[in-house]
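Okay, so here's the structure we're looking at.
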Amino acid sequence: MFDVATGERAWSTGRFQASEDVHVVGDVVLADSASHNPTAYDLATGTALWTLTDGFVIEVLERSSTVLTQNVDVIELHDLHTGEVLWRVTVGDKIGVRATTDADGNLYIFLDRYQKSVATIIAITAPPA
């Protein structure tokens, strides 16, 4: 990480990251890569906040500061700051998972089996009170 105003080096993970694998959400940097476990870092200090030791990142939900992950047949939504699992769904064996969010922050999870759609899970973002 470099300070954009001064060009000075702030911190480094010491690992290669492709640009599409780095997500800056508020004060957290999520480094997601096929070459190492996804890790969340404090933006200011570079201190590792948490690491996903099993599974991989499917989607980063910036509006809610959460990240959707998959490990074999389980998908989980994690708090981006702490790594805490907010909810978990078992989707079954040999199920492909795709996800996207819309402009309102709603999460759409698509389940596929042998390249055929089998289900859609929609996690609606509640409107502010």
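The values are calculated or read from the model by the stated rules, or taken from the named source; none is laboratory data. Keep in mind it's a predicted model, so treat the numbers as computed, not measured. FYI the Cβ positions are ideal-geometry reconstructions off the backbone, even for glycines, and counts take in every protein chain you see.
Six or more apart or on different chains, Cβ atoms under 9 Å: show the pairs whose first residue is in the stretch 79-106 and farther than 16 Å from GLY55 by Cβ and whose second is among the small types (Gly, Ala, Ser) and surrounded by 12 or more Cβ atoms within 10 Å (Cβ to Cβ).
Pairs found: HIS81/ALA40; HIS81/SER65; THR82/ALA40; THR101/SER64; GLY105/SER64; ASN106/ALA123.
Residues being at pLDDT below 90 and surrounded by 15 or more Cβ atoms within 10 Å (Cβ to Cβ): count how many of those fall in the stretch 66-88.
Count: 0.
Between residues in the stretch 33-51 that are farther than 14 Å from HIS81 by Cβ and free of Cβ contacts under 8 Å to residues at least 12 places away in the same chain and residues that are of a type in the set (Val, Ile, Thr) and part of a strand (DSSP E or B), which pairs lie under 8 Å by C-beta distance while being six or more apart or on different chains?
none
Write out, first by first residue and then by second, each pair whose Cβ atoms fall under 7 Å of each other, whose residues are 6+ apart or on separate chains, and whose first residue, in the stretch 53-69, is at positive phi while the second is surrounded by fewer than 16 Cβ atoms within 10 Å (Cβ to Cβ) and part of a loop (DSSP other than H, G, I, E, B).
Matching pairs, first to second residue: SER65/GLY26.
For the stretch 78-106, name all the residues that are among the hydrophobic types (A, V, I, L, M, F, W, C) and more than 14 Å from SER65 (Cβ to Cβ).
Passing the criteria: VAL85, TRP87, VAL89, VAL91, ILE95, VAL97, ALA99, ALA103.
Checking THR69 against (1) among the hydroxyl-bearing types (Ser, Thr, Tyr); (2) assigned to a loop (DSSP other than H, G, I, E, B); (3) closer than 19 Å to ILE109 by Cα: exactly one of these is not met. Which one?
Answer for THR69: the failing condition is (2).
Every residue in the stretch 99-113 that is exposed (fewer than 14 other Cβ atoms within 10 Å of the Cβ) and touching a strand residue (DSSP E or B) at 6+ places or on another chain (Cβ under 8 Å), please.
THR100, ASP102
Can you tell which of THR90, THR66, THR82 is within 14 Å of the chain's Cα centre (by Cα) and under 22 Å from ILE122 (Cβ atoms)?
THR66
Determine whether GLY96 is at positive phi and surrounded by 15 or more Cβ atoms within 10 Å (Cβ to Cβ).
Working: at positive phi: no; surrounded by 15 or more Cβ atoms within 10 Å (Cβ to Cβ): yes.
For GLY96, the condition - at positive phi and surrounded by 15 or more Cβ atoms within 10 Å (Cβ to Cβ) - is not met.
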